[in-house]
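One structure below.
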Amino acid sequence: MAFEFKLPDIGEGVVEGELVRWLVEEGQPVQEDAPMFEILTDKVSAVIPSPRKGVVARRHFKEGDMVPVGAVVVTLADSEPTSAAPVQLDPAKVPVAVVVETPKPIPVPVAPQGAVAKDETDEGAAGQVRAAPATRKLARDLGVDLAHLKPTGDNGRVTRQDVELAAAKPPAASATRLAPTPTTIDRGPDEERIALRGLRRKILQKMRESKDHAAHFTYVDEVDFTAVNALRAQLEERGLKTTFLPFVVKAAVQALRDPEFRFLNASIDEAAGEIVVKRRYHVGIAAATEPGLVVPVVRDVDRKTLRELAADVKRIGDGARAGTLKADEMSGSTFTITSLGKLGGMFATPIINYPEVAILGLHKVEKRPVVIDDQIVIRERMYMTCSFDHRLIDGHVGAAFVQRIKDLLENPGLLLADLA
């Protein structure tokens, strides 16, 4: 007897996922809990196990396809008579690798067999707009006609961003707005083509979203880390071994808590026409992994001692590279810090982790000659950059924010109250 395995709801807010990789072939026997395929959603990357023993009779999607929650992904045939009931997937046991923000799940009405749900399907019949259920609901809520939009998503799909951009235009202009035409590269004889899938595709979408929405400007300053490194050496003698990053995280949040800089811990709700100021301080720490860049999150930084913060920064960095972090450790940041460490060079212009409005970039600490009290001395210095969304953050505010962080780091005694 055939058993149809449907994509389960593996996280709050998930309505679809990309089938990144098949781990079984048609005709292959599988045991219960054996890995069958890898799925990447807007919240998690997970390997989905088989709910029962059987033989893979049919794979219903190809690698790279978008699979709606509840769709049949694979059909299993019995390898021997069994009456075992389907096993439900435990979301808590699904390993997490990547998480980004996504809207709450929208129920998808089931069309009669052989029929097409005109307003709620992504695929659709000829001439029908391709869009995810959540995107369709957003369009209805904002009064945007999907038929008048030029899709920018993969395979001609209308994206959430397409809808939001159309809604932000005056009514007369919304229907005629044209999105940039996707780039086409002529094929050549000496080249390799690799499908844009999985985490790299998510990174592409997030970077494009940030550049399309936020008006970036970057401020650069040089910070003296001599005092921080001296304090680190003293703390190491007392059993606290850490990098300079926890000091930067703590200094940044101390600055964010100042009412003068409250808009840097905020987002812009364009649809509502509101500035959303966050009363929580969750700092994303960009981490390089083999599949690509991810942003694990240290939550409630304002409530943590430096010792606790050092442990959390190390834990999420190690967990991100190993792919073992939980969903709430990979989403919900209100401000992001990115560091290139020894590869940092002089400085770069980091891209804002949208919908945040600022990102702090750290670079290489190295010894440099500087003039202090008319004397040339050697100090440990680093260029620090911060990119801001100029729609909300004025230039003098961004510069003052970086200067505040600089002052705290050059006088780390101001952070000593958090060392207990």
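The values are calculated or read from the model by the stated rules, or taken from the named source; none is laboratory data. What you see is a predicted model, and the numbers here were worked out from it, not measured in a lab. Counting neighbours? That spans all protein chains shown, and the Cβs are built from the backbone with ideal geometry, glycine included. Keep in mind that these areas ignore ligands, DNA and RNA; they rest on the heavy atoms of the full protein, side chains included. Shrake-Rupley method; radii C 1.70, N 1.55, O 1.52, S 1.80 Å.
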Original post:
Is it the case that some residue within segment 245-252 is buried (at least 18 other Cβ atoms within 10 Å of the Cβ) and over 17 Å from LEU414 (Cβ atoms)?
Top reply: yes
Original post:
List pairs: first in segment 12-27 and assigned to a loop (DSSP other than H, G, I, E, B), second modelled with pLDDT of 90 or more and open to solvent by 20 Å² or more (accessible area, probe 1.4 Å), Cβ under 6 Å, 6+ apart or cross-chain?
Top reply: LEU23/PRO35; GLU26/ARG59
Original post:
In segment 330-352, which residues are without any contact (Cβ under 8 Å) to a residue 40 or more places away in the chain and part of a loop (DSSP other than H, G, I, E, B)?
Top reply: LEU340, GLY344, GLY345, MET346, ALA348
**OP:** Would you mind listing the strands (runs of 3 or more DSSP E) fully within segment 241-327 where at least 2 residues are among the β-branched types (Val, Ile, Thr)?
**Re:** 274-277, 283-285
Original post:
Hey, does segment 381-393 have a residue that's of a type in the set (Gly, Ala, Ser) and open to solvent by less than 40 Å² (accessible area, probe 1.4 Å)?
Top reply: yes
Subject >> From the options ALA195, ALA168, ALA179, residue that is modelled with pLDDT under 85, of a type outside the set (Ser, Thr, Tyr) and touching a Lys or Arg at 6+ places or on another chain (Cβ under 6 Å) >> reply: ALA179
Subject >> strands (runs of 3 or more DSSP E) fully within segment 353-420 counting 2 or more residues that are free of Cβ contacts under 8 Å to residues at least 24 places away in the same chain >> reply: 366-372, 375-389
Subject >> Matching residues, segment 130-160, being open to solvent by 20 Å² or more (accessible area, probe 1.4 Å) and in a strand (DSSP E or B) >> reply: ARG130, ARG157
Subject >> Unique residue being open to solvent by less than 30 Å² (accessible area, probe 1.4 Å) and modelled with pLDDT under 95 when the list is VAL365, VAL370 >> reply: VAL370
**OP:** Could you please give the count of residues in segment 330-355 that are open to solvent by less than 20 Å² (accessible area, probe 1.4 Å) and out of contact with any Leu (no Cβ under 9 Å at 6 or more places or on another chain)?
**Re:** 2
**OP:** Evaluate the following for ALA327: is it within 30 Å of SER45 (Cα to Cα) and either open to solvent by less than 20 Å² (accessible area, probe 1.4 Å) or without any contact (Cβ under 8 Å) to a residue 24 or more places away in the chain (or both)?
**Re:** no
Original post:
Being surrounded by fewer than 19 Cβ atoms within 10 Å (Cβ to Cβ), among the small types (Gly, Ala, Ser) and at pLDDT 90 or above, is that true of even one residue in segment 10-23?
Top reply: no
